[in-house]
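A quick write-up on the structure given underneath.
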Amino acid sequence: MEMATSSNQVALAVDIGGTKLAAGLVDKAGELLWSSADLTLAARSAEDIFGTLSRLLDEALKASARMDLTPIVVGAGCGGPMAKEGRDVSPLNIPSWRKFPLKGALQKSSGLETFVDNDAKAIALAEAWVGAAKGTKNFIGMVVSTGVGGGLVVDGKLLGGQAGNAGHIGHVIVEPEGANCVCGAKGCLEAEVSGLSIQRRIGMPAKFASLDERKRAGCLTGRAIACSANLLDLKLAVIGGSVALGFGSVFFASAQRELDRLACLDFSFGSKVVPAALGENAPLIGAAAVGFSGLGIVMLGD
Ligand SMILES: [Zn+2]
């Protein structure tokens, strides 16, 4: 990884998540030095939500001055879908943001060069940079939480695709004729194991799920990973998010068992699934990685 000489340079990281907005200051070693968050209320207007984000940016800039840090870039992770490079975003969980010009708005508000990417891809970058996939050139980073998302690192590069949406493992089919998915298909991983889907199945929040339900979620996740490992020649899946980490070892053991059963090609056999290392800091560290790599500073796989 290339490091610039100035040690007090930081990225101003922005996370636009399902339940909150957050801003942070992250240094070039991937350490989160300061952060602040505010609840996202989905019913608020587009301007209200960006107003809150601007206030968090101001707080971050003031904190950086106090701490003698120099922000050199803004990096943001945001729910999809989005147009290429996040020029406009339409996160499913923020109904008032449809084709919202996030990149330009952040750039104007901060005065800094700005890079935006999908939040799950940002988390994959964070795990590759300083987390459980450090030093790995081929893996999938996943979030199994309220929704299910992912990002693919192949040959040391975060895959983009036509519009930047590569890695949507939540919409790999794991149960033919399974539950209806928000995307219009049936039996997608997200429709079977996301926190919201599990709540719909069991009639209470996912944290109250039975042992069998936890095993089932792990098994179906392992199935989707096996498809990805066979398709893309991967040997590692790193999973974060409240459902996966909350279900814990039962979830991961079931995922590994199903992966062992279905990843049978010479190159995919022996693939591993492990918990994410960065926990709740992953979205902000990932957003910073989006910013630094936009400037060419974080080089994965080097
Ligand atoms: Zn779907």
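Any read-out appearing in this document is the output of simple, stated calculations on the displayed coordinates, not a laboratory observation. Just so you know, these numbers come straight off a predicted model, no measurement behind them. Cβ: placed from backbone, ideal geometry, glycine included. Neighbour counts: every protein chain shown.
Taking a threshold of 18 Å on the Cα-Cα distance, which of the pairs 28/134; 157/235; 134/215 fall above it? Listed pairs above 18 Å: 134/215. Per-residue extension of 0.36 nm, minus the Cα-Cα distance of residue 46 and residue 250, leaves a gain of 69.4 nm for this segment.
Among 78, 227, what is the fewest-to-most ranking by other Cβ atoms within 10 Å? Write out the running numbers ahead of the final one.
Values: 78 26, 227 17.
The most exposed by this proxy come first: 227, 78.
Spatially, the range 42-118 and the range 154-172 are offset by 22 Å when compared through their Cα centroids.
For the chain, what does the relative contact order come out to in percent, with C-alpha contacts under 8 Å and a separation of six or more? Working shown, then result.
Values: 728 pairs, mean separation 63.5, N = 302.
Over the chain, the number comes to 21 percent.
With 10 angstrom as the radius, rank 212, 15, 38 by how many other C-beta atoms surround their C-beta, starting from the fewest.
Numbers: 212 9, 15 27, 38 15.
Listing 212, 15, 38 from fewest to most nearby Cβ atoms yields 212, 38, 15.
Stokes-Einstein at 20 °C, 1.002 mPa s, Kirkwood radius from Cα pairs: D for the range 55-109 in µm² s⁻¹?
On the way: Rh = 12.5 Å.
After rounding, the answer is 172 µm²/s.
With neighbour counts taken as other beta-carbon atoms within 10 Å, the residues 112, 284, 25 rank, fewest first, as 112, 25, 284.
Show log10 I(q)/I(0) for the chain at q = 0.13 Å⁻¹, two decimals, from a solvent-free Debye sum over equal Cα scatterers. Once normalised to I(0) and log-transformed, intensities are -0.87.
Volume per residue, Å³, of the convex hull around the alpha-carbon atoms of the range 189-237? All intermediate terms of the calculation are to be shown ahead of the outcome.
Numbers: hull volume 3.4 nm³, N = 49.
Cα-based convex hull of the range 189-237, divided per residue, equals 70 Å³.
What does a probe at residue 204 reach in the range 115-158, counting residues whose amide N is under 20 Å from the point 7 Å along Cα→Cβ? Once the point is set 7 Å along Cα→Cβ of residue 204, 146 turn out to lie under 20 Å by backbone N, inside the range 115-158.
I'd like to know how the range 87-232 sits against the 2.2 N^0.38 Å rule of thumb: what's its Cα Rg over that expected value?
Numbers: Rg = 16.7 Å, N = 146, 2.2 N^0.38 = 14.6 Å.
Dividing the Cα Rg of the range 87-232 by 2.2 N^0.38 Å gives 1.14.
Within the range 132-276, what percent of beta bridges assigned by DSSP are antiparallel, to the nearest 5? Before the final figure, lay out each step's value.
Values: 10 of 18 bridges.
Once the DSSP bridges in the range 132-276 are tallied, antiparallel ones form about 55 percent.
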